[in-house]
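Undergrad: This is the structure I have questions about; it appears just below.
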Amino acid sequence: MKGETEKIAACDTCGLVQQIGHVPEGSVANCARCGFRLGYRRPNSRQRTLAFALAALILYFPSNIYPIVTAEYHGQHSETTIIQGIKSLFTHQQYFIGTLVFFTSILSPAVKIIGLVFIPLTLNWRRWKKARTWMYKIIRVIDPWNMLEVFLLAIAVSMIEMGQVATVHPGAGVFSFTAVVALTLMATLSFDPRLLWDE
């Protein structure tokens, strides 16, 4: 396309580096090898990411404070929170598993949510550019260790299995926990990392 500006773009799917010419408004450039969209920007990425992350931050506290499950077994009533479960693991000297559960279900989700709030809030602050970059790197590192979805599945499976020998009900915290899982996922999918270097 002679006379039109061309730019280099790498495909997010297959990694092919290629030149793309001018893309008219409302059109999308596709990768020459895999057909994946190039140059696609997520609409209202900053506002959507911030909204989802703030909602997840608000619900993060009740999801850890209120019981995840309540059980009735032979007339005995018990309620379990995530923190109580971790304390129980340490009490029974299961230090490695307790530390792993603490990191994957409490610490890493909190860091990720705070990062997803911090980055959109400071996008217009030039002095925080390096801090935003480091926060994004931290999120990318801890993201594979964020086991909220797996933990929620484990809760559901345990409720089904224990239902045969005990009366098990979801606690108040499980609804907040489910919402945190969904909102964190939506915040991650809404965020466009190119916002970090647009300026």
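Undergrad: So T99 passes all but one of these: (1) among the hydroxyl-bearing types (S, T, Y); (2) surrounded by 15 or more Cβ atoms within 10 Å (Cβ to Cβ); (3) more than 13 Å from P193 (Cα to Cα). Which condition number does it fail?
TA: T99 satisfies all of (1) among the hydroxyl-bearing types (S, T, Y); (2) surrounded by 15 or more Cβ atoms within 10 Å (Cβ to Cβ); (3) more than 13 Å from P193 (Cα to Cα) except (2).
Here is a yes/no grid of residues against (1) in contact with a strand residue (DSSP E or B) (Cβ under 7 Å, 6 or more places away or on another chain); (2) over 16 Å from P193 (Cβ atoms); (3) surrounded by 12 or more Cβ atoms within 10 Å (Cβ to Cβ); (4) modelled with pLDDT of 85 or more:
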position	(1), (2), (3), (4)
P120	no, no, yes, yes
Y136	no, no, yes, yes
P144	no, yes, no, no
F151	no, yes, yes, no
I155	yes, yes, yes, no
M159	yes, yes, yes, no
A166	yes, yes, yes, no
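Undergrad: Here is a follow-up. Sort through I86, I65 and tell me the only one that's touching a helix residue (DSSP H, G or I) at 6+ places or on another chain (Cβ under 9 Å), closer than 30 Å to I97 by Cβ and modelled with pLDDT under 85.
TA: None of the others qualify; the one that does is I86.
Undergrad: Hey, another quick one. Check off (1) modelled with pLDDT of 85 or more; (2) closer than 30 Å to P120 by Cβ; (3) of a type outside the set (D, E) for Q93 and give me the number that stays unchecked.
TA: (2)
Undergrad: Take the range 23-47 and flag every residue that is at pLDDT below 75 and either more than 14 Å from R194 (Cβ to Cβ) or of a type in the set (V, I, T) (or both).
TA: V23, P24, E25, G26, S27
The values are calculated or read from the model by the stated rules, or taken from the named source; none is laboratory data. Fair warning: this is a prediction, and the values are worked out from it, not measured in the lab. Ideal geometry is used to build each Cβ from the backbone, glycine not excepted, and the neighbour counts take in all protein chains shown.
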